[in-house]
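Single-structure report; data block below.
Every read-out reported here was derived from the displayed coordinates using simple, explicitly stated rules and does not represent laboratory data. In this text the structure is predicted, and so the values were computed from the model without any measurement. Backbone-built Cβ (ideal geometry, glycine too); neighbour counts: all protein chains shown.
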Protein chains: 2
Amino acid sequence: MSSDDGYERLRAAILAGDFQPNERLIEADLIESLGVSRAAVRTALVRLAHEGLVEHERNRGAKVRLVQVEEAIEIMQARALLEALAAREAAVRASDAEVHELRQILAELRRLLDAGDLVGCSTAGATLHARILEIARHATAARLVSSLNSQMVRFQYRTILVPGRAARSLSEHTAVVEAIAARAPAAAEAAMRLHLDHVTEALRSSVASQPRAVAS
Amino acid sequence: MSSDDGYERLRAAILAGDFQPNERLIEADLIESLGVSRAAVRTALVRLAHEGLVEHERNRGAKVRLVQVEEAIEIMQARALLEALAAREAAVRASDAEVHELRQILAELRRLLDAGDLVGCSTAGATLHARILEIARHATAARLVSSLNSQMVRFQYRTILVPGRAARSLSEHTAVVEAIAARAPAAAEAAMRLHLDHVTEALRSSVASQPRAVAS
DNA sequence: AGCGCGAGGATCGTCAACAATCGCTGCCGC
DNA sequence: GCGGCAGCGATTGTTGACGATCCTCGCGCT
């Protein structure tokens with residue numbers, strides 16, 4: 001049981017940003033901080049390496065992987081397609097209760113935007129996306145997106161800070177939800193793709209204006 | 001070094017179909033057949049489990065995972081989107097030499113079709129897709145598609161056997177290559193997506209007419 | 001005969017010690 | 001003073017043995 005536990009906790013720690021970018025992950029230290037056996041630490045590192053969260057060099061150990069901006073853009077492109085697929089499926093499969101739930105998240109999003117809580121907006125937006133992925137009942141897309149998302153933590157609050165982005169994001173989200181509510185698969189797919197293409201653009205421009213958010 | 005080697009060879013063996021579906025993978029046997037240490041076998045199994053090629057239950061060991069038809073269709077849907085993205089990027093990035101190479105593969109494909117070599121067609125088609133992914137220089141899409149492909153081995157020769165599919169496949173492939181040659185990103189993306197959506201349909205229909213290809 | 005149950009074998013998970021490798025530091029020769 | 005090399009500490013990779021868990025088979029009871 002300790003093996004899965006160690007993996008989960010180490011993953012959470014990396015995602016929470018408890019380590020510096022490129023910081024070495026020394027097995028002995030992890031044994032202490034996680035309180036699990038060395039074998040468990042090693043399997044956790046293998047899994048995280050396969051997931052792309054850490055880099056593993058033979059005889060030189062593991063370090064947390066720093067995904068570059070170009071790669072983040074690639075990831076966003078892939079995410080856009082997969083989430084557009086999910087939106088399409090969601091438009092086919094959503095129950096009335098699920099549509100209601102999406103509208104509630106949208107209302108919360110509007111409230112947060114009025115209150116000027118940009119970080120809250122970002123979090124609620126993530127909730128909306130996650131919920132649509134669940135409604136789509138598309139295990140493959142869900143798995144791939146979740147894996148891609150975990151590599152993007154470093155950029156998660158980046159795009160919402162672009163001036164005017166939050167408001168546009170809300171209207172795009174609204175379009176997606178309304179297309180799902182109207183049971184219009186093609187419209188839902190197009191709306192979601194448009195939304196995420198805009199996010200990608202926001203990421204590009206935020207990078208151009210402010211090249212490094214994290215110092216070493 | 002033995003650890004990576006063991007992973008590669010076990011992966012190749014599973015992809016080659018050396019194991020029965022749902023066959024248990026017993027560590028002791030793998031140590032013998034692969035000639036690597038037990039730790040290496042264990043890490044290989046962890047990686048393969050994360051990759052979706054084997055299923056791992058605690059205290060009950062690993063077995064090769066049998067992907068169901070519904071999941072194969074999900075995988076094809078995701079592949080369609082990602083390869084369409086790759087085709088778009090390839091249309092932007094392809095050099096003249098690379099376009100020439102794609103046309104050569106196409107010619108080979110035509111030759112094989114005329115000769116009635118359907119399996120050869122399938123293989124050459126896979127080569128074409130792989131080459132387009134390389135030309136796109138999109139590491140994220142390439143990684144995801146490669147992972148998805150490895151889970152589809154069981155179905156790889158399934159769609160080409162649908163009557164008339166091979167000929168249609170050739171004309172669709174031609175459309176993709178010509179769009180790339182014309183440096184037309186949108187057309188390339190659309191053509192690739194159309195092609196793979198047709199493959200998905202062929203998979204669906206082949207399943208309906210012939211539900212089980214592999215007996216236990 | 002059918003069913004519950006315990007013993008045994010098979011297999012996996014964990015641990016501690018050992019071997020191999022890497023990076024660094026300090027020494028030596030030029 | 002500087003470059004190269006040997007030795008050393010730190011860290012990872014590997015091995016073998018031990019304990020834990022699960023499945024199966026056979027026994028006894030009803």
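Here are a few things to note about the model shown:
- Summary for A:Ala186: label point 7 Å along Cα→Cβ; distances to the equivalent points in the other copies, ascending, 1.6 nm.
- Highest-fluctuation residue, B:Arg204, B:Arg58, B:Arg131 considered, GNM on chain B with Cα pairs under 10 Å: B:Arg58
- Nearest-ten-degree value, helix B:165-181 long axis tilted from longest Cα axis of chain B: 70 degrees
- Overall form of the stretch A:2-64 per C-alpha gyration tensor (a/c, 1.5; a/b vs b/c): rounded
- Label-to-label distances for B:Arg38 across copies, nearest first, come out at 1.6 nm, using points 7 Å from Cα in the beta-carbon direction.
- The angle between the Cα long axis of helix B:118-136 and the main principal axis of chain B comes to about 80°, on a 0 to 90 degree scale.
- All-pairs alpha carbon distance profile, the protein assembly as shown, 20 Å steps from 0, percent: 23, 55, 22, 0
- Listed residues B:Ala126, B:Thr174, B:Val207: farthest to the positive end of the dipole of chain B (Cβ charges): B:Val207
- With contacts taken as Cα pairs under 8 Å at a separation of at least 6 residues, the stretch A:87-143 carries a relative contact order of 54 percent.
- Over chain A: helical MRE at 222 nm, DSSP H runs n ≥ 4 each giving -39500 (n - 2.57), nearest 500: -24000 deg cm²/dmol
- Axis of helix B:139-150 versus longest Cα principal axis of chain B: the two differ by about 60°, to the nearest ten degrees.
- Space enclosed by the convex hull of the alpha-carbon atoms of the stretch B:111-186, per residue, Å³: 98 Å³
- Long-range amide H partners of B:Val54 with built H, under 5 Å: B:Ala49, B:Arg65
- Relative contact order (%) - criterion: Cα under 8 Å, at least six apart; region: the stretch A:2-64: 44 percent
- Of A:Ala181, A:Ala40, A:Ala28, the one that fluctuates the most in a GNM where chain A has Cα springs shorter than 10 Å: A:Ala28
- Here is how far apart the B:Leu66 label points are across copies: 4.8 nm, shortest first, using a point 7 Å from Cα toward Cβ.
- Euclidean distance of C-alpha centroids, the stretch B:5-44 and the stretch B:174-208, integer Å: 36 Å
- Ranked list, fewest to most other Cβ atoms within 10 Å of each Cβ, for A:Met192, A:Met76, B:Met152: B:Met152, A:Met76, A:Met192
- Ordering B:His50, B:His100 by the number of other Cβ atoms within 10 Å of each residue's own Cβ, fewest first, gives B:His100, B:His50.
- One quarter of the convex hull surface built on the alpha carbon atoms of chain A amounts to 12.9 nm², the projected area averaged over directions.
- Footprinting exposure proxy for A:Leu48, A:Leu34 (fewest neighbouring C-beta atoms within 10 Å first): A:Leu34, A:Leu48
- Taken residue by residue and averaged, Cβ atoms of other chains lying within 10 Å of the Cβ of A:48-58 number 2.
- Using a cutoff of 8 angstrom between alpha carbon atoms and counting only pairs six or more residues apart, the relative contact order for chain A works out to 24 percent.
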